[in-house]
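Right, one structure below, let's go through it.
Only the coordinates and a few stated rules stand behind these numbers; no lab work does. Quick caveat, the model's predicted, so the values are computed rather than measured. Note: ideal-geometry Cβ built from the backbone for every residue, glycine included; neighbour counts use all protein chains shown.
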Amino acid sequence: MSCLVKFGFGGVQDFIAQARMTRDLAAGSRLIQSLSVQAAGSEIIKSLAQAAANRVQGELILPPPADEKGTPPEAFPHQFVFRFEGNLEGACKAGNDLRKSVLQDVEGKLCAALKNADGQFQKEEGVKEDDPRLKQHLRSALEVYWVAIEETGDYEKDYKLLTRLFDDRRHTRTFEQIQSFSGEPGNETCSQCGVRPRIGHGTITSGKGLFYTKDKLCVVCAAKRAWSGSGIDTVPNTYKLSRWRAYMDPVYKKWNDSKDQFDLPLEEVGNPDLRKDLAKLSPYWALIVFDGDQMGKWFSGEFAPNSADLWSFQVKLAQAMNSFASKVKELCDSNEDEQEKQPVFRVYTGGDDGLILSPFDFALPLAEKIHSAWVDCMAKIHGRKKENTIAPTLSLHISLLHAKEPLQPAVADLHHYLDQAKEKGGRDCYSILANVRAGSPAWMVSGWKQWPIFVEALESLTNYRMSDFSGSFVRIPNSDERTRRNKVALSARLPHAMMEAMERFYQDDDAKTLVSKTALLAEMHRIIGRRSRGGEEHSSAILQFLEPRMDGLPEEGSAKDKPSCSPIRGPEALRSAFEVLAFMARELRWGGEE
Ligand SMILES: [Zn+2]
């Protein structure tokens, strides 16, 4: 007799998002990965799945090995399936034991990290190290659950049941009550997660360090931060991410000796001239998040050809996802040369999903490469010959954030935007949020089919060129090149002028019906003609990008799924594009003369 056991982590996104500094993000994600890493002598078992399967003497089914040689998968999934030889009682015991040992790992790792940071983190009076409530908080930092069923011999049927039970289990999860410290010091909640009671605070107010006085943290957030101090201190902070040009633009060469100040908040930069020069740079950076569309349905065989055997189909799919994950890893982590290294930080890649921190300059090239990698890897997967199910698609979201923007809400919102993009943009799409510091945020969705024309439209408005950042070497345009590009650029005011003009072409009803597309196009054309400075050669890109959006989203001709919620109407589709284009054109513009 054999059983199937599905095992997984829950609350992973929240656990990672509970972060004030970029290093918290990295620590949360690395911690989850490290639970999956077991060192046995020199041999490191890379995947949680493998490690877990070894521990319970089961055969790992999903994810399968990366190849025939049995190489462990590159990606770290948050859930996996293994086959247990034995009866249901044994399978349940295995699931339970595994859960216990993973939770003990969490507690042990966090406890040890916090101990090592002694002296930098000041515990509140009355908070005792051996207080059992602290251990309880650490243990409940992550949710871990499992389900098990007996196999019937029909894998497809069993897999579907297993998945349904697992999802039910996740949705009806019972949160362990967090024991409070009420009536004692530290009964206020943590400044980082806002969930658990704070137990202490940092000791420094400025400069570089692990714990600052404003970090009034609970035991989990404190331990996570402490853990980030052990070997992952290369995480760029938001200032470093937003000021990448200072490190490579020759205009900033004169500040070579002050590089260690480039990643400080402006008010902490000592030299007023350096401060002035750094203030000229765009303060924005990018968070990139992505995941495959409807992968659960793909995995349960819903889109598979009728003749397909589910198990072999899953193996193929998992291997395609695995090669995608390793390609993304390569894209972000490669390049040995420190000088040319793109300052991109991969927080995690889990198979079909991932989270990346990037300077603004690299956000578009990276998004394009990630999407191409996906398309390449999924080319081998053949679904039913029906629209939208030919091969799995990917949706990606970019949040452009100010260096001073609080990280936690921005990260917590990422998946909300990605989900909205999928719903309203019809999947197979990208979306961009310009989280303007002084003003309201602008959010744009568009199908990947429109990507090349979007990039062209953007470049027609500025002197930034994506191609400068997409090769193996970064090419900084010199001042002649900047001047030449400025000459052919359309006015940066153009999107605003077009936005003001568009409204009257729509009926003032709920549906926002477009009165006449021909008339709207003619008006847009006229506005471009009036404001272009010899840039007519590019003007068509903007119109080409806008035209399919005029009737709302998803774009005309993109053959997308119908949105499952209220669609994006024409005026909103145009306005969001104008706002995002104007913002990006302005912030990506190269300034400064050599
Ligand atoms: Zn906390």
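Is the stretch 81-221 best put as rounded, prolate or oblate by its Cα gyration tensor, with a ≥ b ≥ c the root eigenvalues, rounded for a/c under 1.5, and otherwise prolate when a/b is larger than b/c, oblate when not? Verdict is prolate for the stretch 81-221. Pairs spanning more than 26 Å between alpha-carbon atoms, out of Lys109/Lys214; Lys253/Lys276; Lys128/Lys216; Lys327/Lys404; Lys240/Lys280: Lys327/Lys404.
Length available on full extension from Val515 to Gln122: 0.36 nm per residue minus the Cα-Cα distance, which gives 135.0 nm. Less than 5 angstrom separates the built amide H of Asp291 from those of Ser395, all sequence-distant by 5 or more or on a different chain. For a straight C-alpha distance cut-off of 29 angstrom, the lysines reachable from Lys512 (same-chain residues fewer than eight places away being disregarded) are Lys422, Lys424, Lys449, Lys560, Lys562. Per-residue Cβ neighbour counts within 10 Å put Cys221, Cys332 in the sequence Cys332, Cys221, beginning with the fewest.
Once the Cα-Cα distance is subtracted from the 0.36 nm per residue extended length, the Ser101 to Arg437 segment shows a gain of 116.5 nm.
Take the Cα of Thr189, step 7 Å toward its Cβ, do the same at Ser566, and the gap between the two points is 2.9 nm.
Between amide H atoms placed 1.01 Å from N, distances below 5 Å from Thr189 occur with Arg198, all of them 5 or more places distant or on a separate chain. Counting every other Cβ atom within 10 Å of each residue's Cβ, Val251, Val344 order from fewest to most as Val251, Val344.
Once both labels are positioned 7 Å from their Cα atoms along Cα-to-Cβ, the gap between Gln136 and Thr205 label points is 3.7 nm. Counted by neighbouring Cβ atoms within 10 Å, the residues Val315, Val328 run from fewest to most as Val315, Val328. Between Thr483 and Glu156, the contour length at 0.36 nm per residue exceeds the Cα-Cα span by 111.5 nm.
Label-to-label distance, Glu302 versus Met248, with points set 7 angstrom from Cα along the beta-carbon direction: 4.1 nm. The overall shape of the stretch 456-594 is prolate: from the C-alpha gyration tensor, with semi-axes ordered a ≥ b ≥ c, the ratio a/c is 1.5 or greater and a/b exceeds b/c. Peptides 158-165, 398-405, 17-24 ordered by packing proxy, namely the average of other Cβ atoms within 10 Å per residue, highest first: 17-24, 398-405, 158-165. Amide hydrogen proximity for Tyr506: with H placed 1.01 Å from N in the peptide plane, the residues at 5 or more positions away or on another chain lying under 5 Å are Val515. The spacing between the stretch 467-529 and the stretch 422-445, judged by their C-alpha centroids, is 17 Å. If you take the Cα centroid of the stretch 209-287 and the Cα centroid of the stretch 106-180, the two points sit 33 Å apart. Here the stretch 248-374 is assigned +1 on the Cβ of each Lys and Arg and -1 on the Cβ of each Asp and Glu. Its dipole about the Cα centre then comes out at about 180 debye.
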